[in-house]
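Chemist: Right, I'll just put the structure down here and ask away after.
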Amino acid sequence: MLMPGLLSELLADSGPKADDPLAEKPSHFPARAKRVIFIFSNGGVSQMDTFDYKPALFAADGKKTGVGGGLSNEERRLLRPLWDFKPGGECGTLVSDLFPHLRELMDDICLIKSLHGNDNEHYNATLGMHTGSFFFSRPSIGSWVSYGLGTANRNLPSFVALAPQMPYAGTQIFNNDFLPAYHQGVRVIGGAEPIPNLARRTSESGLQELELGLADVLNSRHLAERSHDAELSARIRSFETAFHMQTDAPEVFDVSREDDGTLSLYGLKRGQTEGFGWQCLVARRLAERGVRFIELVDGSSSHNWDQHGNMAEHADHAKAIDQPVAGLLRDLKARGMLEETLVVWTTEFGRTPGVDGEKGRGHHSACFSSWLAGGGVKGGISYGETDEIASTVADKGVHVHDFHATILHLLGIDHERLTYRHAGRDYRLTDVHGRVVKEILQS
């Protein structure tokens, strides 16, 4: 006699949930950006070989002392950059030959040359760039954005991580930690099955809807008796999202629907379902369908930008992302999406001006370069300066906490008001720090 009652309850409760925790939420103030595409180059990209031109370092190649810049007294010679720099766009921002495609787009890019963090170890620095905490597990920035704003498309996750390989810090880069589980990033790996086990078990969608609906009624009854069980509520919402993704997600990841011109823009061949070009194109497709935060991971914990032995290896990594990222910016702009999409490129730290090993550079958190485009930032500018050999911040430093506060601000979020109560205290992405870098914002 139980089943008819459950079926009646199921039919009566088939509409949308009024208390949907992923429903779109108002921002604290008018937002410049609706969404973020966060590109993370793993391993520590060298600032003086990419975006921070230092003629003094070219001239001081091989010298051990006499240039300044905070180097220690140990026996370490200076190493000149391996690539020439040329001006990009009408703004004339100097960019090295590692990024010829991006160099053409510097009029749309706000370059920050004075970013700095708290740790020189990959794991800790990667953790800090993603969570604001360099030493303890905390929710990732994508999870905080999902928690603060919800999603514009309930049939897709609010936070997607396009991560074929895991970087340093592993899954923590898209982990929800103490935030409800439905704010965790969904990992996409590319290939024939970008999200494992997404296909329906049966072609009869009505049967699956009935099964899941029945499970939802039972779960809801169980939850009603345990109203404070956040984990149970999160699991229920996750089931609902997974079901809806079976309809929408396959189409999103099917880039064969794009024309040849678009594929060429990203450096893709027809039929290709992997590579950074594929990640960038899928990011655009997710963005235009309402996904709030999309992370693209460039590199793994074993194959990345960490060139201690030979800086020349930076060339292979740059070639893999230069055209795809430039293609993404061009595509967003052509579709009228760049104004409302904040594109962020960063790494966990920079490299030393002195040699490490025979031809490489060491880890360096004292200063490094990152950039933002679209979403309310000023294009064609550079902000902050380092000393003459890119060893330390000389002017207008931007800490990782400031970087995060500025990203949230562009989304209409006050970083001091975005808090979550856990273990007896309020937590936030920027901890007790952070300032919005207002000088780089459009008026």
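Chemist: Quick one: would you say V145 is assigned by TED's automatic domain parsing to the domain that holds T406, touching a strand residue (DSSP E or B) at 6+ places or on another chain (Cβ under 9 Å) and either modelled with pLDDT under 95 or surrounded by fewer than 20 Cβ atoms within 10 Å (Cβ to Cβ) (or both)?
Modeler: no
Chemist: Let me ask something additional. Might you check whether a residue that is charged (D, E, K, R), closer than 24 Å to R187 by Cβ and surrounded by 24 or more Cβ atoms within 10 Å (Cβ to Cβ) occurs anywhere in segment 257-280?
Modeler: Scanning segment 257-280 turns up no residue that is charged (D, E, K, R), closer than 24 Å to R187 by Cβ and surrounded by 24 or more Cβ atoms within 10 Å (Cβ to Cβ).
Chemist: Give the number of residues within segment 166-211 that are loosely packed, with under 15 Cβ neighbours inside 10 Å, in a helix (DSSP H, G or I) and modelled with pLDDT under 90.
Modeler: Number satisfying all stated conditions: 6.
Chemist: Still on this structure: Mind listing whichever residues of segment 107-129 are in a helix (DSSP H, G or I) and within 15 Å of A405 (Cβ to Cβ)?
Modeler: Of everything in segment 107-129, those that are in a helix (DSSP H, G or I) and within 15 Å of A405 (Cβ to Cβ) turn out to be G128, M129.
Chemist: I'm told P324 meets every condition in (1) more than 16 Å from the chain's Cα centre (by Cα); (2) free of Cβ contacts under 8 Å to residues at least 60 places away in the same chain except one. Can you identify the failing condition by its number?
Modeler: Of (1) more than 16 Å from the chain's Cα centre (by Cα); (2) free of Cβ contacts under 8 Å to residues at least 60 places away in the same chain, only one is false for P324: (1).
Chemist: Next question, about the same structure. Just to verify a result, which residue in segment 52-78, among those that are over 13 Å from E388 (Cα atoms) and in contact with a Gly (Cβ under 8 Å, 6 or more places away or on another chain), is modelled with the highest pLDDT?
Modeler: R77
Chemist: Okay, next question. Scan the strands (runs of 3 or more DSSP E) fully inside segment 343-443 and keep the ones with 2 or more residues being in contact (Cβ under 8 Å) with a residue 60 or more places away in the chain.
Modeler: Those strands (runs of 3 or more DSSP E) span 350-356, 360-364, 368-373, 381-383, 393-395, 420-422.
Chemist: Between a residue in segment 272-299 that is in a loop (DSSP other than H, G, I, E, B) and any residue that is crowded, with 23+ Cβ neighbours inside 10 Å and of a type in the set (G, A, S), which pairs come within a Cβ distance under 7 Å, given they are 6 or more apart or on different chains?
Modeler: Cβ pairs passing all conditions: V291/S158; R292/S146; R292/S158; G299/S41; G299/G43.
The values are calculated or read from the model by the stated rules, or taken from the named source; none is laboratory data. Predicted, not measured: the structure shown is a model, and the values here were computed from it. Glycine gets a Cβ as well: all are built from the backbone with ideal geometry, and neighbour counts include every protein chain shown.
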